[in-house]
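To start, the structure itself, in structure tokens.
The values are calculated or read from the model by the stated rules, or taken from the named source; none is laboratory data. Keep in mind it's a predicted model, so treat the numbers as computed, not measured. Ideal geometry is used to build each Cβ from the backbone, glycine not excepted, and the neighbour counts take in all protein chains shown. For the accessible areas, the whole protein counts, side chains as well, though only heavy atoms, and no ligand, DNA or RNA atoms are used. Shrake-Rupley method; radii C 1.70, N 1.55, O 1.52, S 1.80 Å.
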Amino acid sequence: MRIPIVMVSDDNFISQIRVAIWSMRKSTCKEAFLEITILCLKELGESSRKRLQELEAVFLNLSIRFYEVDFQIFSRARPMGHVPVASFYRLVIADVMKEYEKCLFLDGDLIVNTDLCALYSQDIGEFYIAGVRDNEFLYDPDAAFGHLENYGFKDYYHYVNAGVMLFNLTKLREDHLQERFLECMKIDFPYMDQDILNKVCEGNIKLLELKYNFFSRCKTAGCYSASDKKKINGKTWEILHFAGYDKPWQNIRVYGAQEWWECAKEALEEEVYQTMYLEAVRAVEQSDWSYILERCAQVKEIMIIGYSRIGIDVLTSLKRSGVTAELYYCDNSIRKQRLSDENIAIYSIEELAEKHPKALWLNTSQRSYQEINRQLKGLGVEKEQIITYRHKNDAYFEMLEDDFFEYEIRQKEIKLEGAEIGRRK
């Protein structure tokens, strides 16, 4: 069996793609030939391409090719949050894979623990696409209904996640759906290309079993049956998808991170693995409130990036915890900067970076934190001066591995106890 698989990558995501490919090749029967097409821009570096193609020498029955998409096609695309424009590339899949009748699409932020022959062999019939109902929508039905109603969806039951999909390429081409996909890019869909695929294909979507695209962040969702929970908690999922904000290479405490890092140890070069792992450990340690308080006690000036509910909570909690450093708000939004008055000042990031070069920066943005960190670096702020703050809401605690739950709860208590002490004073 020849299994065509499409993935998307840029230079920043090669290691994750390599881990995903490694997991699927090891899990799929040796006789099956995996033909992997990487959608990318022509700017994708030769060293990045080489790192993936090296796997052809490691495994039998594996080929990796690169298809350079025309970036101008996606000039109208409207990316949201931490998801890059590259996510839209899958909308041209029918044109890219002209020689195939159907293909699999797999995100790079997942690991495979099943023979992909079974998934690829699913009878797609006259359906345009096949996928798994979006786990997050199942977990938060009120938000799901609100979103689907706002954007005119009619078939709530068959709304699927785009991270693992089976495409009926013949049917897509016959009905000229690619043109409709690209036309929809001008709409501000919150879930971007996923919304587009579901909207255009509505009424012709086949559902796959939950096990083929299980979200690490929804491991205890109450909407699943007892038998499903037993299978999932027993790690008999077949494809584990690290959808959303927290990835195992950013947070070693999330559900399934151990399995991802075990695969990464095999798939990645030793130096790359060690560097990534140390970065992940550093990132998760920085998210601990005890660490933040320790760092804040060592400086005289602290810049809170993000004048928002989260940013205000961070500044207030630091004061109530006894932090004596000078605290400043800053934000890239000019509208927020104009809220400044005699009681509160909201500065631009550029102004504070110039006036306070030795300050500690707490980046409280939950969506644009990567762009802001790059902005700070461009302004001359050292990496050691930046803490990327993770707001730990209920959803965060739901996706933790059980071994870390009590520790994280204690960190939350430290933050709250500081607030209680402040109120008593």
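Nonpolar atom fraction for the range 287-425, defined as the carbon and sulfur part of the 1.4 Å probe accessible area, stands at 49 percent. Couplings for the range 61-73, taken from phi via the Karplus curve 6.51 cos²θ - 1.76 cosθ + 1.60 with θ = phi - 60°, read 6, 9, 10, 10, 10, 10, 10, 8, 7, 7, 4, 4, 4 Hz in order; Gly and Pro are left as x. Between Thr316 and Ser47, the modelled labels are 4.7 nm apart [label points 7 Å from Cα along Cα→Cβ]. Which percent, nearest 5, of DSSP beta bridges in the chain are antiparallel? Expressed as a percentage, antiparallel bridges in the chain total about 25. Each peptide in 261-268, 106-113, 66-73 gets a packing score, the mean of other Cβ atoms within 10 Å over its residues, and the list from highest to lowest is 106-113, 261-268, 66-73. Based on protein heavy atoms only, the chain ends up with 48 Å² per residue of surface accessible to a 1.4 Å probe. Available extension along the chain between Ser121 and Asn150 is 6.9 nm, counting 0.36 nm per residue and deducting the alpha carbon span. A simple spin-label model places pseudo-atoms 7 Å from Cα toward Cβ; at Leu278 and Glu183 they are separated by 5.4 nm. Annotation: amide H-H contacts under 5 Å for Asn61 (H modelled 1.01 Å from N, sequence separation of 5 or more, or interchain): none. When the pairs Lys199/Lys392; Lys102/Lys154; Lys154/Lys336 are compared against a 28 Å limit on Cα-Cα distance, Lys199/Lys392; Lys154/Lys336 fall above it. Projected onto planes of every orientation and averaged, the convex hull of the alpha-carbon atoms in the chain covers 22.3 nm².
Run the accessible area of the range 54-208 with a 1.4 Å probe and give the carbon-and-sulfur part as a rounded percent. The nonpolar share, carbon plus sulfur, comes to 49 percent. With 22 Å as the limit, the listed pairs Lys171/Lys206; Lys358/Lys412; Lys355/Lys377 have Lys358/Lys412 beyond it between alpha carbons.
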